[in-house]
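**Q** My questions all concern the structure below.
The values are calculated or read from the model by the stated rules, or taken from the named source; none is laboratory data. In this text the structure is predicted, and so the values were computed from the model without any measurement. No Cβ is skipped: glycine too gets one built from the backbone with ideal geometry, and neighbour counts run over all protein chains shown.
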Amino acid sequence: MSNSAPAKATNRPLSPHLQVYKPQLTTVLSITHRATGIALSAGTLLLCYWIVAAARGPASFAKAQWFVGSPVGMLILFGWSVSLFFHLSNGIRHLFWDAGYGFDLKTTYSSGYMVLIFTCVLTAIAWSGALVFLGVL
């Protein structure tokens, strides 16, 4: 306990409030990195379902294939692949940070934009390759 007088009530926030604070690229990428990690974990459940369905036999696998091939399944797969490539790209960025490189402001922002570009490019390559392989394109 302290012997000082009680603190006066103030009308100001103790830390930057979300309505006042302008999100920065580094903040958004950090939050997104954590969210994509969670999304990858959730997407892995779909992968496990697909593998277990394949092990259970043709009827179960056909149901799993139907779900994965449905519009909802394709949307989930697309989101999972975006999460995968974002998490991969941003993870490589973090490896450079762990080695002590890229902490100056200009490099931090340029590497952040490169993460976004690589995410889009890798997702486009993977999906166009998959759709060509499946004969859709």
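**Q** Check S111 against each of (1) within 21 Å of Q24 (Cβ to Cβ); (2) free of Cβ contacts under 8 Å to residues at least 12 places away in the same chain and name the one condition it does not meet.
**A** (2)
**Q** Quick one: in region 117-137, of everything that is in contact with a helix residue (DSSP H, G or I) (Cβ under 7 Å, 6 or more places away or on another chain), farther than 17 Å from I76 by Cβ and aliphatic (A, V, I, L, M), which residue is surrounded by the most Cβ atoms within 10 Å (Cβ to Cβ)?
**A** The qualifying residue surrounded by the most Cβ atoms within 10 Å (Cβ to Cβ) is L122.
**Q** Sticking with this structure for a sec: Does V115 satisfy the criteria of being touching a Lys or Arg at 6+ places or on another chain (Cβ under 8 Å) and among the hydrophobic types (A, V, I, L, M, F, W, C)?
**A** It is true that V115 is touching a Lys or Arg at 6+ places or on another chain (Cβ under 8 Å) and among the hydrophobic types (A, V, I, L, M, F, W, C).
**Q** Taking only region 52-78 into account, find how many residues are under 14 Å from W127 (Cα atoms), of a type in the set (A, V, I, L, M) and surrounded by fewer than 15 Cβ atoms within 10 Å (Cβ to Cβ).
**A** Going through region 52-78 one residue at a time, the tally reaches 2.
So that you can scan it fast, the table gives a plain yes or no per residue for (1) closer than 22 Å to L134 by Cα; (2) out of contact with any Asp or Glu (no Cβ under 8 Å at 6 or more places or on another chain); (3) at pLDDT 90 or above; (4) among the small types (G, A, S):
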position: A9; (1), (2), (3), (4): no, yes, no, yes
position: K22; (1), (2), (3), (4): no, yes, no, no
position: V28; (1), (2), (3), (4): no, yes, yes, no
position: A35; (1), (2), (3), (4): no, yes, yes, yes
position: A42; (1), (2), (3), (4): no, yes, yes, yes
position: V52; (1), (2), (3), (4): no, yes, yes, no
position: R56; (1), (2), (3), (4): no, yes, yes, no
position: A59; (1), (2), (3), (4): yes, yes, yes, yes
position: V68; (1), (2), (3), (4): yes, yes, yes, no
